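The values are calculated or read from the model by the stated rules, or taken from the named source; none is laboratory data. It should be emphasised that the depicted structure is a prediction, and the values quoted were computed from it without experimental measurement. Cβ coordinates were reconstructed from backbone atoms using ideal geometry, including for glycine residues, and neighbour counts include every protein chain displayed. When the accessible area is computed, the model is the full protein with side chains, heavy atoms only, and any ligands, DNA or RNA have been set aside. Shrake-Rupley method; radii C 1.70, N 1.55, O 1.52, S 1.80 Å.
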Amino acid sequence: MWSYQDIAGWLNDALKNPAVKAIVLSIDSPGGMADGCAQLGEQIVAARSVKPIHACINDMAASAGYWIASAAEKISATKTSRVGSIGVRAMHIDMSKMLADIGYKVTEIYAGSHKIDGTPYAPLGPEALAAFQASIDYTYGLFVSAVAANRNLDRAAVIATQAAMFDPPAAKKSGPDRRYRDAGRRDFPSCGPLCRTSRQPGRRPYFEEFHREPRPRPLRSR
């Protein structure tokens with residue numbers, strides 16, 4: 001598993017390498033943490049002015065995975081891929097009854113009235129719930145705005161997806177990539193060899209270099 005910082009570092013390496021002519025983001029992700037995702041997406045968008053960046057969905061780009069994919073200049077996908085889930089989620093688990101049933105009572109000692117907001121040792125109060133919902137709504141707004149800007153869509157169109165997942169035909173018709181274009185084509189092309197990802201030790205699996213050779217060569221670790 002790699003962090004957003006790892007991916008950003010590999011992206012910088014590829015941008016600085018004169019032998020790299022274009023960059024492919026091979027994505028198969030159900031999503032991830034929101035923290036750091038916006039910054040990586042902005043970095044990818046900025047990098048498009050330096051070298052071509054192509055996201056290849058092979059076979060899932062959901063939630064944070066799609067946020068990253070949307071930042072690429074072009075997106076292609078396998079025929080069995082799934083994209084979307086433009087939304088944000090969090091959860092709270094109330095363990096107080098379970099602990100009480102087995103004979104435990106937790107007493108939290110703290111300073112600051114909001115220090116234990118979201119504690120699993122008590123029910124979630126209405127004030128804490130409202131604060132968490134406000135944070136979720138804020139992050140959702142960032143996500144929607146980023147996808148709208150990256151894919152040249154209205155925010156209302158992105159919101160209308162209601163965090164649904166789409167296969168390629170549905171995405172083309174009413175999903176987040178209905179305005180998707182690739183080399184003049186109006187459908188989602190199969191990725192084919194473009195999305196082959198090296199899993200060999202010592203190689204970086206999510207970025208591939210394009211040289212003058214007929215086939216792309218994976219970027220080696222330094």
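Buried (at least 16 other Cβ atoms within 10 Å of the Cβ), farther than 17 Å from residue 141 by Cα and of a type in the set (Ser, Thr, Tyr): is that true of residue 76 in this structure? Spell out how you get there, then give the answer.
Details: buried (at least 16 other Cβ atoms within 10 Å of the Cβ): yes; farther than 17 Å from residue 141 by Cα: yes; of a type in the set (Ser, Thr, Tyr): yes.
When the stated conditions are applied, residue 76 passes them.
Regarding residue 70, is this residue surrounded by fewer than 19 Cβ atoms within 10 Å (Cβ to Cβ) and among the polar types (S, T, N, Q)? Give the derivation first.
Values: surrounded by fewer than 19 Cβ atoms within 10 Å (Cβ to Cβ): no; among the polar types (S, T, N, Q): yes.
So residue 70 does not fit the description; no.
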Hey, can you tell me all the residues within region 1-16 that are within 18 Å of residue 48 (Cβ to Cβ) and among the aliphatic types (A, V, I, L, M)? 7, 8, 11, 14, 15
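Rundown of residues vs (1) under 27 Å from the mean Cα position of the chain (by Cα); (2) open to solvent by 70 Å² or more (accessible area, probe 1.4 Å), yes/no style:
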| position | (1), (2) |
| --- | --- |
| 93 | yes, yes |
| 102 | no, yes |
| 114 | no, yes |
| 144 | yes, no |
| 163 | yes, no |
So the check is Cβ under 8 Å with 6+ separation or different chains; which pairs have a first residue in region 40-52 that's more than 13 Å from residue 146 (Cβ to Cβ) and open to solvent by less than 50 Å² (accessible area, probe 1.4 Å) and a second one that's of a type outside the set (S, T, N, Q) and in a helix (DSSP H, G or I)? 47/11; 47/15; 51/14; 51/15
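Residue 65: open to solvent by 10 Å² or more (accessible area, probe 1.4 Å), outside any loop (DSSP other than H, G, I, E, B) and free of Cβ contacts under 8 Å to residues at least 60 places away in the same chain, yes or no?
Details: open to solvent by 10 Å² or more (accessible area, probe 1.4 Å): no; outside any loop (DSSP other than H, G, I, E, B): yes; free of Cβ contacts under 8 Å to residues at least 60 places away in the same chain: yes.
No: the conditions fail for residue 65.
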Can you spot a residue in region 74-81 that is modelled with pLDDT of 95 or more and either touching a Leu at 6+ places or on another chain (Cβ under 8 Å) or aromatic (Phe, Trp, Tyr) (or both)? no
